[in-house]
Amino acid sequence: MDCNAKIFVAGHRGMVGSALVRKLELAGYRNLVLKTSSELDLRNQAAVTSFFEQEKPDYVFLAAARVGGIIANSTRKAEFLYDNLMIQTNVIHEAWRNNVKRLLFLGSTCIYPKFAPQPIRETDLLTSPLEPSNDAYAIAKIAGIVQCRSYNQQYGTRFLAAMPNNLYGPGDNYDLTGSHVLPALLRKFHEAKQFGSPNVTVWGTGTPLREFMHVDDLADASLFLMLLEDEYYESLLTYSDAPALINVGSGQEISIANLARMVQHVVGYEGELAFDTDKPDGTPRKLADSSRLHALGWKHRIELEDGVRDAYRWYLHNKVDC
Ligand code: GDP
């Protein structure tokens, strides 16, 4: 991928897309194609077709998606299914029609079965039922993976799907009805400290385990994958079991209760934690086996507590916009 290659970052306003843009710009890539959703609605097939025919990107990072936390996923399933299916179907199809050299499709480890053996390998996909709270999102993303595989197989494309674990960082969603746990806790502890509230409510039992990764590490891994030498990239596409699919994890697993204590410490809140067990826990554990990626020489750099501090700094500077 030379510095003048035309690179389309789909979803560049989101947390993942904006991290990708920062990373690519820092690495010297000058020819980025970026469109807001009002300039280009990726759910609109005709619009995506004419965009690709006009722009002819060489590489695509597909980070545009409808995403959200456990409540958003379980109460707005129609949107999660429709928007994700439409976006990815259009983009992947047009990437093939317009001879895109490589495409990286980003999803999440929510695609794996609820009770997958831990750590979860790429080969665990579709081996048992999904976690019901986010099955619509998961089914849409699984369709995208199968689309990448099918196009590679039938048309000889070189499309790869990367599944990061729970992401956080600058640009995260701090709206408590739609957000994931880490930004939600940062905001709750911050506001409780500010208003002197005696306790902060943490959803669920606090026992589920989650693996967190700073979005800058995901951006780094994404560029690493896009730049892999042909021989290694090809080997990812042609694995006999679970081809064209790679986990991107940090291995930094922590219980929700301990995460809450870490966020409490970073924010400097001195009140109590209260667990609301009427709220869902979701899947009990979700640790990705990232050995495929590690074997290629990539490892995360940002440790969780440092990352939480970084996210909190971003929140403090940007919270008026939430
Ligand atoms: P998940 O990883 O797909 O389940 O998505 P979330 O990040 O939304 O939730 C992870 C875990 O954190 C679940 O067990 C939630 O019940 C728990 N959790 C605790 N407090 C909160 C909160 O304030 N917001 C969210 N979204 N989750 C919370």
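The values are calculated or read from the model by the stated rules, or taken from the named source; none is laboratory data. Note that this is a predicted model, so its numbers are computed, not measured. All Cβ positions, even for glycine, are placed from backbone atoms using ideal geometry, and neighbour counts span all protein chains on display. All accessible areas refer to the heavy atoms of the entire protein, side chains included, with ligands and DNA or RNA removed. Shrake-Rupley method; radii C 1.70, N 1.55, O 1.52, S 1.80 Å.
Structure values in brief
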item	result
Wholly within the range 171-289, strands (runs of 3 or more DSSP E) carrying at least 1 residues that are touching a residue at least 24 places away in the same chain (Cβ under 8 Å) and within 14 Å of the ligand (Cβ to nearest atom)	199-203, 209-214, 253-255, 272-276
Considering residues of the range 26-79 that are of a type in the set (S, T, N, Q) and open to solvent by less than 50 Å² (accessible area, probe 1.4 Å) only, the residue farthest from residue 11 (Cα to Cα)	74
Residues being within 16 Å of the ligand (Cβ to nearest atom) and either out of contact with any Cys (no Cβ under 9 Å at 6 or more places or on another chain) or at pLDDT 95 or above (or both) - total across the range 60-78	12
Members of the range 265-322 that are within 20 Å of residue 165 (Cα to Cα) and of a type in the set (Asp, Glu)	281, 289, 303, 305, 306, 310
Residue list for the range 78-93, restricted to those being in contact with a Phe, Trp or Tyr (Cβ under 9 Å, 6 or more places away or on another chain) and of a type in the set (Val, Ile, Thr)	91, 92
Helices (runs of 4 or more DSSP H) contained entirely in the range 1-114, each with at least 1 residues that are under 20 Å from residue 142 (Cβ atoms)	15-26, 70-75, 77-97
The range 138-170, residues that are open to solvent by less than 10 Å² (accessible area, probe 1.4 Å), basic (Lys, Arg) and in a loop (DSSP other than H, G, I, E, B)	none
In the range 190-237, residue most open to solvent (accessible area, probe 1.4 Å) [restricted to those that are in contact with a Gly (Cβ under 9 Å, 6 or more places away or on another chain) and acidic (Asp, Glu)]	216
